[in-house]
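A short reminder: the numbers here are calculations on the coordinates, not readings from a lab. All values reported here derive from a predicted model rather than from experimental measurement. Here the Cβ is made from the backbone with ideal geometry for all residues, glycine too, and neighbour counts use every protein chain on show.
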Amino acid sequence: MAVLMAVAVFPILYSLWLSFFRMKLTRPNRTPFVWFENYTDLLGNELFWVSVARTVTFTVTSVAAIAVIALLVSLLLNQDFRGRRVLSTILLIPWAIPYVANALMWKWIYDSGYGALNGVLYQLDFIDKYMVWLGDQDKTIFLIANAFVWKEVPLATILLLVTLKSIPADLYQAARVDGAGIWQRFTHVTLPSMKPGFMLVMIYETMMAIRHFDLFFILTEGGPGDASHVLSWHIYVETFRNLSFGSGAAMSYILAIVTFVLAYFIIRFLGRRV
């Protein structure tokens with residue numbers, strides 16, 4: 001309990017206390033108590049709302065792609081075929097790669113001079129010249145989402161596969177007796193039984209996407225322009241570059257509250273039908 005209080009509870013409470021002060025390290029002797037002004041000021045900050053919009057785009061795109069791909073891969077791995085164990089082992093490789101290494105790998109893949117993506121597309125005649133992928137404001141957020149999805153799909157697949165394995169075979173036998181086809185068994189037996197797994201995947205991946213920072217820091221640093229200026233990057237810039245610890249702490253708590261609210265509604269929506 002003492003260790004938990006020192007490394008977890010105290011920092012949380014102290015950062016909450018800081019969010020009520022106008023604390024900026026460039027003027028350490030002037031830290032007025034401002035109550036909720038740090039929170040209300042954010043509501044009138046245009047860049048804050050831009051970062052929220054970018055975060056929503058990144059989160060919705062990433063979580064939807066992860067859920068669909070993980071479902072398809074888990075359905076494949078649930079079948080008996082030669083090489084299934086090898087494929088399952090290979091699937092774990094992206095998940096085992098550290099986040100920073102994953103970001104550096106994708107930075108090289110997207111590189112405009114020697115990146116593998118440009119090389120493959122050029123050799124296949126899909127492009128006639130090398131593209132500056134991370135310099136395109138319309139594509140940047142989706143390219144970062146692609147790198148995030150590649151890293152997160154294995155864990156989501158494992159969670160869904162475990163749920164698939166727990167479905168009683170009697171349900172499928174009863175459905176066959178009733179004349180249900182493959183699609184009917186999938187929609188009326190498989191999907192409803194997978195809702196506990198989907199609930200875990202949606203909650204975990206939503207939390208990871210909303211607060212994700214590594215890819216944005218290494219790939220683009222919020223650019224080009226504000227194309228990848230998500231909320232986690234905005235918190236970093238405000239806190240550690242502008243040295244405004246009060247407003248940075250306030251944004252962190254807004255992010256935490258939004259995450260908990262989303263988790264609550266996901267549990268209510270999927271949990272009541274399990």
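Odds and ends about this structure:
- In degrees, nearest ten, helix 99-109 long axis to first principal axis of the chain (Cα): 80 degrees
- Radius of gyration, Dmax [the range 58-134; alpha carbons; angstrom]: 16.2, 44
- Of the GluC sites (Glu not before Pro) found in the range 160-265, the ones in coil according to DSSP and having at most 13 other Cβ atoms within 10 Å of their Cβ are GLU221.
- Each 10 Å bin from 0 upward holds the following percent of the Cα-Cα pairs of the range 193-251: 22, 38, 24, 13, 3.
- Area projected by the alpha carbon convex hull of the chain, averaged over all directions, nm²: 20.3 nm²
- When every Cα-Cα distance of the range 1-120 is counted in 5 angstrom steps from zero, the calculated P(r) takes the values 2, 8, 7, 10, 12, 13, 13, 11, 10, 7, 4, 2, 1, 0 percent.
- The range 23-271 - percent relative contact order, Cα under 8 Å, separation 6 or more: 31 percent
- MRE, 222 nm, helices only [DSSP H, n ≥ 4, -39500 (n - 2.57), over the chain, to nearest 500]: -20000 deg cm²/dmol
- Within the range 1-66, all pairs of alpha-carbon atoms sorted by distance into 5 Å bins from zero give the percentages 4, 14, 12, 14, 15, 16, 15, 8, 2, 0.
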